[in-house]
Amino acid sequence: MKQTNILLESDTNELEIVEFRVDELDRNGEVVPCHYGVNVAKVREIIRLPQLTKTLNTSAEVEGMIKLREKVIPVLNLSRILNKDTGDMKADRVIVLEFNNLMVGVLVHSVSRIYRISWTHVEAPSASLYSDQITGLVKMDDRIILVLDFEKIVGEFCSASALKPLAPEQLLESISHDRSNRTILVADDSPFIRGTMCSALRGAGYNVIEAVNGAEAWDKIREIMYQTSSDGVPFKSRMQLLITDVEMPQMDGLHLTSTVRKEEGLKDLPIIIFSSLASEDNIRKWHDLGAQQILTKPDLPNLVKYADEFTA
């Protein structure tokens, strides 16, 4: 099964997910179907597991490598990553993912179909019930599809995809500036990525407001709009920059960007989109939507640099 250029328009607040299964056994040895999803924009193609080459000195979660049209890519065993008891069940399907300028395969038991849904139907997972590997859940009639945080999962095993922390000299340079009067709103549904970004910005001296999705970010922006209007001061005296992910439950970053741009008092608020889906085509579309800068997820060091540029 190969992806067929299923691209969503910017600002529909919709996504398409590929549903797949990584099953497990219960204590009686019975198969428990487990349904997961990934944004189709991250899926390069879906294939049967070809000849696998074992690798040396890697973790057990890295199953090996495969050759795919002259490219050698790592294959991750999703069952092990999710700590599942699979017994003798064999995973023979590979979902080939491409994001953050990286290609990687993940082993799954089966792939069913693609669903187009609104982000309003994607719920944020409860921290008490789900691990930090889950960024959202979709309630179907007879099952729940868990949307996996592949940026975090792949980042743990593929260093090229991981967020790169500020180097010591960059950290020293960043804290030498006084940014105590500048406030940035950061919207990202991944606690891992949002925490990493906010730590970098706070470490540089910025005041940071956090939002777990676009809907919460828009609520916080409207609250600031109300406060500044009541106080008779410009919006940018209280908040100078919005940094947003694209894939988020309830309201995605593209709809958030479009919503901000439609508000007369926010037309000049700088917006940075920080996303693993920043392809050349998407970058052009997102600029047209109103974003000033697009960064890929591993490009953390440039976050402070562009924050300085847009909040000066």
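The values are calculated or read from the model by the stated rules, or taken from the named source; none is laboratory data. Keep in mind the model is a prediction, meaning the values are calculated, not measured. With ideal geometry, Cβ positions are generated from the backbone for all residues, glycine too; neighbour counts draw on all protein chains shown.
Yes/no per residue for (1) crowded, with 16+ Cβ neighbours inside 10 Å; (2) modelled with pLDDT of 95 or more; (3) in a helix (DSSP H, G or I); (4) of a type outside the set (Gly, Ala, Ser):
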{"site": "MET248", "(1), (2), (3), (4)": "yes, no, no, yes"}
{"site": "LEU256", "(1), (2), (3), (4)": "yes, yes, yes, yes"}
{"site": "SER276", "(1), (2), (3), (4)": "yes, no, no, no"}
{"site": "ASP281", "(1), (2), (3), (4)": "no, no, yes, yes"}
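Please go through the stretch 58-87 and give me each residue that is surrounded by 15 or more Cβ atoms within 10 Å (Cβ to Cβ) and in a loop (DSSP other than H, G, I, E, B), ordered by number. If you could, list the steps in order and put the result at the bottom.
Taking the stretch 58-87 first, the residues surrounded by 15 or more Cβ atoms within 10 Å (Cβ to Cβ) are 61-66, 68, 73-82, 84, 86.
GLU61, LEU82, LYS84, THR86, listed by residue number.
Filter the stretch 19-72 down to the residues that are under 24 Å from the mean Cα position of the chain (by Cα) and of a type in the set (Lys, Arg), then identify the one that is farthest from GLU247 (Cα to Cα).
The selected residue is ARG21.
So, restricting to strands (runs of 3 or more DSSP E) that lie completely within the stretch 88-155, which ones have at least 3 residues that are out of contact with any helix residue (DSSP H, G or I) (no Cβ under 9 Å at 6 or more places or on another chain)?
Details: elements: 93-99, 102-108, 110-118, 134-139, 144-148.
In the stretch 88-155, the matching strands (runs of 3 or more DSSP E) lie at 93-99, 110-118, 144-148.
Scan the stretch 204-219 residue by residue and report those that are within 18 Å of the chain's Cα centre (by Cα) and in a helix (DSSP H, G or I).
We begin by selecting, within the stretch 204-219, every residue within 18 Å of the chain's Cα centre (by Cα); these are 210-217.
Residues satisfying the conditions are GLY214, ALA215, GLU216, ALA217.
Of the residues GLU63, GLU24, only one is of a type in the set (Asp, Glu) and at pLDDT 90 or above; which? Outline the logic, then answer.
Working: GLU63 fails: at pLDDT 90 or above.
On inspection, the qualifying residue turns out to be GLU24.
Would you mind finding the one in ILE134, ILE114 that is free of Cβ contacts under 8 Å to residues at least 40 places away in the same chain and in contact with a strand residue (DSSP E or B) (Cβ under 6 Å, 6 or more places away or on another chain)?
Numbers: ILE114 fails: free of Cβ contacts under 8 Å to residues at least 40 places away in the same chain.
Only one candidate passes the filter, namely ILE134.
Among the residues in the stretch 279-290, are any closer than 15 Å to VAL186 by Cα and assigned by TED's automatic domain parsing to the domain that holds ARG222? Please lay out each step first, then the result.
First, pick out the residues of the stretch 279-290 that are closer than 15 Å to VAL186 by Cα: none.
No, that holds for no residue.
Test each condition in (1) under 19 Å from THR311 (Cβ atoms); (2) part of a loop (DSSP other than H, G, I, E, B); (3) at pLDDT 90 or above for ASP299 and report the one that comes out false.
Going through (1) under 19 Å from THR311 (Cβ atoms); (2) part of a loop (DSSP other than H, G, I, E, B); (3) at pLDDT 90 or above one by one, ASP299 breaks only (3).
Which is outside the structural domain of GLY155 (by TED's automatic domain parsing), within 21 Å of HIS287 (Cβ to Cβ) and not in a loop (DSSP other than H, G, I, E, B), of ILE184, ILE193?
Exactly one residue qualifies, and that residue is ILE184.
Of the numbered conditions (1) closer than 19 Å to SER190 by Cα; (2) assigned to a helix (DSSP H, G or I); (3) not hydroxyl-bearing (Ser, Thr, Tyr), ARG222 fails exactly one; give the number of that condition.
The failed condition is (1).
Check SER237 against each of (1) buried (at least 20 other Cβ atoms within 10 Å of the Cβ); (2) at pLDDT 90 or above and name the one condition it does not meet.
Of the numbered conditions (1) buried (at least 20 other Cβ atoms within 10 Å of the Cβ); (2) at pLDDT 90 or above, the odd one out for SER237 is (1).
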